[in-house]
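Input: a single structure, listed below in structure tokens.
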Amino acid sequence: MDQSILSHPAWNHAAIIFFLLAWFSYTVFAKYMAKRTHCLASIMCVHRVWWMDRMMVRDNRVADAALLSNIERNVNFFASTTMIIIAAILTVLTRDFELAFLSQSIEQDFGHIKLIVMVAIMAYAFFTFTWSLRQYGFASVLLGAAPLPSQEEFNLSQRKEYAKSTAKVLDQAGHSFNYGLRAYYFSMAVIAWFAHPLLFILATSLVVAVLYHREFMSKSLALMVMDADIIKGKA
């Protein structure tokens, strides 16, 4: 194929449109399928409900608090790392700020657009990670406020409902964390854009394939589904 055609600016426009459509479409698809088949999101929701059910019958909840604290540390690590990445990219953009406005080169302009896209993705990831962190904080409060088994003023129905609501908060926090991780995956595809728009398109397709395999076809998912079947008495 003619190299001049491959280097045409239209490829950059097509690549970013394909990227955004792929990300949005996969997010909608994953949400849709999570309600109809087993995936990491749906099976983790089941296990979170069971976790909170068992927490409600324990007098000592130190282990539950420690597990929740460990999850929060993981989210906090990604939130902090994301800020460092944003700062690094903004440093590059600031250094070339004058060049970005004075240069008439299309390639130079797209170079800055690529960096801006990276900043936007990382900013989105930061907001989702910090929202996830806040929701895990809410869950910590709910864990501390959970009625003890010795408190007879709470009946079984109330305890079940409390456990379910707490698990739902944990589930929402998990979804936010997953959105942030997904942003990291797609940011890897943007790196290929710096080489060529066609590589960007191929990398985006690869990211979607990897995400689908890990969320819907991974061995970890199969094992967690098997564990759920064992607890339900199906195995």
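The values are calculated or read from the model by the stated rules, or taken from the named source; none is laboratory data. Since the model is a prediction, treat every value here as computed from it, not as a measurement. Glycine gets a Cβ as well: all are built from the backbone with ideal geometry, and neighbour counts include every protein chain shown.
Do we find that Phe19 is closer than 30 Å to Ala139 by Cα and modelled with pLDDT of 95 or more in this structure?
Criteria not met by Phe19.
Give me a count of the residues in the stretch 57-82 that are crowded, with 16+ Cβ neighbours inside 10 Å and either under 18 Å from Ile116 (Cβ atoms) or among the hydrophobic types (A, V, I, L, M, F, W, C) (or both).
The total comes to 6.
Those residues that are more than 22 Å from Val119 (Cβ to Cβ) and either aromatic (Phe, Trp, Tyr) or touching a Ser or Thr at 6+ places or on another chain (Cβ under 9 Å) (or both), I need them from the stretch 178-235; list them, please.
If the condition is that a residue be more than 22 Å from Val119 (Cβ to Cβ) and either aromatic (Phe, Trp, Tyr) or touching a Ser or Thr at 6+ places or on another chain (Cβ under 9 Å) (or both), then Val208, Tyr212, Arg214, Phe216 are the ones that fit.
Checking Asp53 against (1) in a helix (DSSP H, G or I); (2) exposed (fewer than 14 other Cβ atoms within 10 Å of the Cβ); (3) in contact (Cβ under 8 Å) with a residue 40 or more places away in the chain, which test does it fail?
(2)
Would the stretch 146-153 turn up any residue that is modelled with pLDDT of 95 or more, surrounded by fewer than 19 Cβ atoms within 10 Å (Cβ to Cβ) and either in contact with a Pro (Cβ under 8 Å, 6 or more places away or on another chain) or not acidic (Asp, Glu) (or both)?
no
Can you name every one of the helices (runs of 4 or more DSSP H) wholly within the stretch 138-235 that holds 2 or more residues which are under 30 Å from Ile85 (Cα atoms) and free of Cβ contacts under 8 Å to residues at least 40 places away in the same chain?
Filter on the stretch 138-235 gives 156-193, 197-216.
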